[in-house]
Amino acid sequence: MLSLNKEIIKRCNNNLNISIIFKNIDHSFNRFYRKQDQFRNLQSNNNNNNNNNNNNNNNNNNNNNNNNNNNNNNNNINNNNYFNKNIKKNLKSLKQEPPAGNKLQYENKFKEIPPLPSSSSQSPIKDFSYFHQDIQKVLKEFKIDNPTSIQSKSIPIIQSGVDAYIVDETGTGKSYGIMCEIINRYYNTLILENLQKNNTTISSSSSSKSTETKTKTSTPTSIKPKFIIISPSRELSWQFGYWCRNLLERLLNNYSNNSNNNNNNNNNKYLGKIQLAVNNGLSEELIMKQLLSSEVDILIGTSNILYPFVVNGFIDIHDLKLLYIDEADHIFQALRPDEIFKVKKNRKVHPLPSELLFNEIKRRVREENHLQPESFNDLIFNTVNRNKKLEEEGGGGVVGKQTPIKKKYIQTMRPFQTIFSSATIGYTTKKQIKDRDWINRNALFITGLNESKERAISVKNDEKDDHNDNEIFDNATNNSNNNNDSGSGGGGGGGGGGGGNQTIVDQLSIVNRLTHYFISVDSEVQLLNGIVDVWDNLKPKIAIGVLPNDSNVTKICEELGKRNLNSKPLSSIMDFKNFNSLHLHDENVSQDKKDLKLLIEKEIKENEIETNNMIKQRIKIRNQEKKEQQKLEQQTLEQQQIIENKNENEENEENEDLNNPANKEWKLKSFDSSSVLYLAKEDAIRGIDIENVSFVFILNVDVKPTSYLHMIGRTARMGKRGNVICIYNSTISSKYLKTMNQLNIPFEEENLY
């Protein structure tokens, strides 16, 4: 039997075909049985001879001989307890021959799940035939005719129910495709059935009365969403909510027009089931009441808000069908193996909310015994390891003192689907997700980066002589002025490739589709002057400005407004406070929901009053500080006048410094309301998709290759061209040089003056 164990270990380590291993196990198993049968036959023959020789003896002697023979047989069997107790039980289940097929089909027999699709075997689909016909019509209304390459690869695999990682460069429609798939499932499984039932029912009043009685008798204390979407920022959560509602609203309107039932209240009811769980300025109690009143089906939020709701049981995941995590590398912020020990220790003491959230979800799933069943390989290795340990302890077939064998960790088998996506999911992020058991074992890795790199290299070599910097700039300005229909998606610019002739620009990667400008400055005044200078010369229509996470966005907007530049915070176009109150605006709403609406409006007004008071207090403090500074300046001026009267040459130098253009504030000639600069912090800008953005301003941000790719990804989306203007302090110019060298971007600094 020792040879059997060694043979299994060798062949498993060599990763041979599972059918070959199983045949060899069967051969060795049969050989062992034959030897054991031969041994028993010899014993029986010896016993028969002894019985024949002792026939003349007394019956007592015969009985004694039979007892002795039985004892001998029992001793022989006890000597083989090593096999009978430990191997025979474990290999009974393995004695069944595997079906004709590969290893994966045999594992699926134990898992009781359908065979998994392979991303390589499937040819990409060139249309949206995998969606419902109504959704295909809506996408055509949005002028989205064809899916992108990553959409045609990922969506059919996602529809099979397998967990997946989705990785592709920014602006290829990863997130928008998944939002379409979520609405596709939601529309097919839940909404269409309810709409058809409502059309067939005759007495709608009786049904409404019955629902009202149910709401009065049963007061729910938790929500049971079918789909949960996790994003790193509230701005990105709002964008996902806007996309989902926009798609669903078009679907409901088209359905009502076809069925001649114009019921806007019913539409608001379904649209109100798409809710946000973000920091919207309201208290947690009011947010919970909003979510309870809407009966949430699609919940979109950030991990710091979702985590306490899952811990206290407010979010129930029993009915969850799909969990989607966007910008996974930024949410988890996985540490590298060579990270500093203090950083690792600090992360253990203070884990991120995303880590706590996923550990809590895993704990809830494991409490319901959703565990991964053992596969065929696991059964083989477990039997081999048990036999080795028993052999070492038993000492050659004799069973000794058995020490308890450590139980192997059984992975979680989630009943819902989990999808992670980002443009920069690296090895460390993927390893953290896998090691922490945050995804099922059968997850697939879907990427389009290899194709985009190959296309970029081939096009760059073929078209190097044809395109120069002037042509790139002209194409970028034309794209900013002309509205391109491809990939609009009704606010979802990452939708799909528009129909019609696609230029060579669509085949280039995002880095090669951009024109980069690098401007170093020495002060904040010069930084603002640089923005005004670029705006005056290049004249962009829609632009996004990225600021450091510790900057004051409103203050910079005020300073740019004084210089006649139309700048707004990115959050100004996102209505966080009223997003979750859409279902409360219906006419046929119960009195409880009306009261809730009044409470929300009251708290919003109170919060506005508090913020205004805080602003007034800050202004008073600043004015007092200015007065004190003026007093100090007067004292210093008196001292300086004495010194300046003695040194006339120093006075002339100071006057020259004041007349220096570097210290003057530049302004635009006139205020243009048609052009807008949206400002946001670095963390809030990830994943944001605003239509027709042709310029990205990176303002004094410490850049790294991954963060730079995400920042520049706000422009040049869906094959368009764009411009990136980096204005930074001269002290961090070396960081920009290092990052550009890593990304193979030519680095040439320019001076404002």
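The values are calculated or read from the model by the stated rules, or taken from the named source; none is laboratory data. The model shown is predicted, which means the values in this text are computed figures rather than measured ones. For neighbour counting, all protein chains shown are included, and Cβ atoms are generated from backbone atoms with ideal geometry for every residue, glycine included. To get the accessible areas, we keep the full protein, side chains included, count just its heavy atoms, and leave off ligands, DNA and RNA. Shrake-Rupley method; radii C 1.70, N 1.55, O 1.52, S 1.80 Å.
The H on the amide N of Asn146, modeled in the peptide plane, is under 5 Å from the matching H of Gly497, Gly499, each at least 5 residues off or on a different chain.
In this simple spin-label approximation, Leu449 and Glu368 carry label points 7 Å from Cα along the Cα→Cβ vector, and these lie 3.4 nm apart. Label zone of Gln742 (point 7 Å out along Cα→Cβ, amide N under 20 Å): in the stretch 429-446 this covers 429-432. Length available on full extension from Lys562 to Arg622: 0.36 nm per residue minus the Cα-Cα distance, which gives 19.7 nm. Amide H contacts for Gly545 (H built 1.01 Å from N in the peptide plane; partners 5 or more residues away or on another chain; cut-off under 5 Å): Tyr678, Leu679, Ala680, Phe697.
Peptide packing for 545-552, 320-327 was compared via the average number of neighbouring C-beta atoms within 10 Å per residue; ordered from the highest value, the list is 320-327, 545-552. Charged neighbours of Phe381, selected by a Cβ distance under 10 Å, balance to 0 (K, R count +1; D, E count -1). Distance between the pseudo-spin-label points of Asp127 and Ser283 (7 Å out from Cα toward the beta carbon): 5.5 nm. Charge tally for Asn729 (other residues, Cβ to Cβ under 13 Å; Lys, Arg +1; Asp, Glu -1): -3. A protection proxy built from the mean count of other Cβ atoms within 10 Å ranks the segments 612-619, 298-305, most packed first, as 298-305, 612-619. Were the residues from Ser670 through Asn613 laid out at 0.36 nm apart, the gain over their Cα-Cα distance would be 17.2 nm. Tell me, what is the FRET efficiency for Ile410 and Thr706 to the nearest 0.05, using R0 = 22 angstrom and their Cβ-Cβ distance as r? The formula returns an efficiency of 0.05 here. At full extension, Ser733 and Ser551 could sit 63.6 nm farther apart than now, given 0.36 nm per residue minus the alpha carbon distance.
Note on Val349: accessible area approximately 90 square angstrom, rounded to 10, probe 1.4 Å, nucleic acids and ligands left out. As a calculated quantity, the FRET efficiency between Ile340 and Glu295 at R0 = 56 Å, using C-beta atoms, amounts to about 0.75. Averaged over residues, the count of other Cβ atoms within 10 Å places the peptides 185-195, 714-724, 509-519 in the sequence 714-724, 509-519, 185-195, highest first. Computed over every Cα-Cα pair of the stretch 279-369 and binned at 10 Å starting from 0, the pair-distance distribution P(r) comes out as 12, 41, 32, 12, 2 percent.
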